[in-house]
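Take a look at the structure below.
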Amino acid sequence: MGFCVRDLPRMAHFYKEVLGFTQTDSGDLGAVQLVFLSRDPTEHHQLVLVSGRPDDLAFNVINQISFRVPDLATLRAFLARIRADGQASDIQTVTHGNAVSIYVRDPEGNRLELFMDTPWYCEQPLREPLDLDQPDALILAHCEAMARSRPQFQARAEWQAEMARRMGQSE
């Protein structure tokens, strides 16, 4: 994904220092400057920041950019880095039953979601505030209870198998 930014150095700093991306390349392409970022050594870039976003845009077309993390400890570590950096706004920790998420606005107001999948599926949209300072077992028990309360609850593996079938990818 690539998107235009107003302050390229500030945004590059945020994505590198706060969200843990590594700058893989940078340079000019005509009148624009680009910074390539990745958190995966097998991917040259997962994100490209491009200079030139106009200051007077009336509407931000980015609804959200989502980044998966492996566990609650990683999610908490990102939350601590976000808070310590102080450039992000609108920080919210929530559960969707099928995930635990941190929503935040980057320094230019783009909404980001850092999330960890849970082992359960439940229909969306669904969103409830969640305190990430609770122990893992309490958080996961709350997420499971929330997911189980929904009519279409099932194990994530069952839901994934059904999606593979519907997408013509099952054996």
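Here, each number is a calculation from the coordinates, and none is a lab measurement. A quick note: this is a predicted structure, and the numbers were derived from the prediction, not measured. Please note: Cβ atoms are built from the backbone with ideal geometry, for glycine as well, and neighbour counts cover all protein chains shown.
Below, the figures for the structure above:
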quantity: Chain lengthening between Gln87 and Ser149 when straightened (0.36 nm per residue, less Cα-Cα); calculated: 18.6 nm
quantity: Two-site label geometry, Ala73 and Thr22: point separation in nm, points 7 Å out along Cα→Cβ; calculated: 2.1 nm
quantity: For the range 149-161, 3J(HN,Hα) per residue [Karplus equation, 6.51 cos²θ - 1.76 cosθ + 1.60, θ = phi - 60°, Hz, x = Gly/Pro]; calculated: 6, 8, x, 9, 3, 6, 5, 4, 4, 5, 4, 5, 4
quantity: Three-way shape label, the range 1-51, alpha-carbon gyration tensor, a/c 1.5; calculated: oblate
quantity: Gyration tensor (alpha-carbon) shape descriptor, the range 89-171, a/c threshold 1.5; calculated: oblate
quantity: Along each principal axis, Cα extent of the range 19-73, largest first, Å; calculated: 38, 27, 13
quantity: Per residue Cα convex hull volume in Å³ - calculated over the range 104-144; calculated: 97 Å³
quantity: Cα lying deepest toward the dipole's positive end in the chain, options Ile139, Ala12, Ile62, charges on Cβ; calculated: Ile139
quantity: Mean shadow area of the range 51-142 over all directions, Cα convex hull, nm²; calculated: 7.0 nm²
quantity: Cα-derived Rg over Rh, computed across the chain with Rh taken as Kirkwood radius; calculated: 1.02
quantity: Simple Cβ-charge dipole of the chain, Lys/Arg +1 and Asp/Glu -1, about Cα centre, in debye nearest 20; calculated: 160 debye
